[in-house]
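What follows is a single structure, written as structure tokens, with notes after it.
The values are calculated or read from the model by the stated rules, or taken from the named source; none is laboratory data. All figures in this text were calculated on a predicted structure; none of them were measured in a lab. Cβ placement follows ideal geometry from the backbone for every residue including glycine, while neighbour counts extend to all protein chains displayed. Note: areas computed on protein heavy atoms with side chains; ligands, DNA, RNA excluded. Shrake-Rupley method; radii C 1.70, N 1.55, O 1.52, S 1.80 Å.
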Amino acid sequence: MSYVKNGTQGFRLISAGFHAKTDMFASCRATKRICWGKLLYSHRSLSGADAAIALRPFYFAVHPDFFGRHPREREVNENSLKRLNGYLENLQRPGLGSHKPAQLTFYVRETIQNPGNDQESTREAGFRTVSFTLDSRDLLSTVLGILNSCSLSTDHVQSSSDGVGAKGTTASSFYRPIKWDKTFYSFTGSKDPEEELEQAQKTEMTINSWIQSNQEEAEKKLSSSIPLREELQRLKTELSDELQLSNVQWQRSWGIAHRCSQLHSLRRLIKHSSESLKMAKGHTVIFTDRTGMSAAGHVMLGTMDVHHQWTKLFERLPSYYILQRKLLQLQERIGHLLGGIEIVHIEELQPMLTMEEHYSALDAFCKKLLNRRVHIHPRSLRGLQMILENDHFVPRLHEKGHFIIPAVCDPPSLQWFLLAHAEKAREKLKRKAELKIEEQALIKACKEGASLSRLYKEPSVSSEQMISCCRRLIEEPLPNLVGMHLCVSHYYSVLQDGDLCIPWNWKH
């Protein structure tokens, strides 16, 4: 079709072309909705239920329940899923004129195919980190972007016969049956989705603009949470004094209201079983997902358990003292066999094991060492640390300086690995102590300089990352943070109690 100079006639030709293209587009969509050989969604017909079904492979790969042995990664995925669900909900709201981009980080599980076993066709092969930014206005583009970013198949979302196949495309690709000419958007005044998406990719969230957009919301939530925060501190102090507890902690980042509810439950239990709860004297109480005595000797109270189960645990505490002594003796024996190394259980980095589980794993490991003696000088590894894990197959040295040793590790291989990396481990431990001192000093200076009420980091943020963030906050002070609670994380977010989360590598 060619355009003519006559304005009226040219308009008619363009209008006719516009209606022809519109009819063709509607016909194409109608045809594709009929063809359901695989799950197939059109650009405008994808519903929230369809999106949930399409994202099942993604949810299976990142669901926090599969990261029980990796608390840091679990927490990152929990927080990212909350923000992703909020983003998807906003996309489904009618009349949504604008939306906020979401930068997300996930730990994605990887599996290895095992064709020799039909019943267990896959096994765990660790996980990888995936980060991406969502800035699309429709569900289909968002779903395809998520799946492609995580290198997951999109065959169940988009038919391979569409001409715009999902395989081999990047996270920015989305389903468009017809590619309109640029003159169509110029004439009609419509926005070109391809240009919008390209512009969104170039747009990077800056900390100033984000704080400006979210400060009012954070201040309201923080103001509302102050009475609950005061009540939480009061309950924690009263219970600690009454039961003579060493400390009260939470394994997961529950909100203030949830924590107060848990302390009220413990308060009610004291009224009915005050004598049994006195057995917890000197212990640390941790509210977590299960009830029992932890490997570190802390009292674990499962938040989903009933008071009867809590009471039974408190009554059984004296029996754990014998097991705890045996556990310490077993750790000393293993340490002696391995050159004086210290056997530790780091709850921030390991799953919350019960004392029985930890003792069983150490006992089996000790028997293996006794059956196949390792030849290490009794004091050659003194001052070093190691943790024992069940879900790894290769020994490794953690960035913080402790050894991570698989329970299935062969003793001769273990001996070589420990001796070969001992000097490097000592350097890392020394560096860890130095970083900790520097980190604490910078947190204090940054908090005072910005007049923050609180400054802290998530467990998944390393000391190096926190130091880098604090240095920049001191060099490039941020406005309007007086009295706020600031959490250094991997993403931007406003928590339910008003804490501001910023990524450690924020952009000015």
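Dividing the convex hull volume of the alpha carbon atoms of the range 387-430 by its residue count gives 56 Å³ per residue. Here each label is just a point 7 Å from Cα along the line to Cβ, and for residue 92 and residue 382 those points are 6.3 nm apart. In this structure residue 443 has an accessible area near 40 Å², from a 1.4 Å probe over the protein heavy atoms.
From the Kirkwood radius over Cα pairs of the range 287-425, Stokes-Einstein at 37 °C and 0.692 mPa s returns a whole-number translational diffusion coefficient of 205 µm²/s.
Pair-distance distribution of the range 211-309: all C-alpha pairs, bin width 10 Å, starting at 0; shares per bin in whole percent are 14, 44, 26, 11, 4, 0. One quarter of the surface of the convex hull around the alpha-carbon atoms of the range 413-472 equals 5.1 nm², the direction-averaged projected area.
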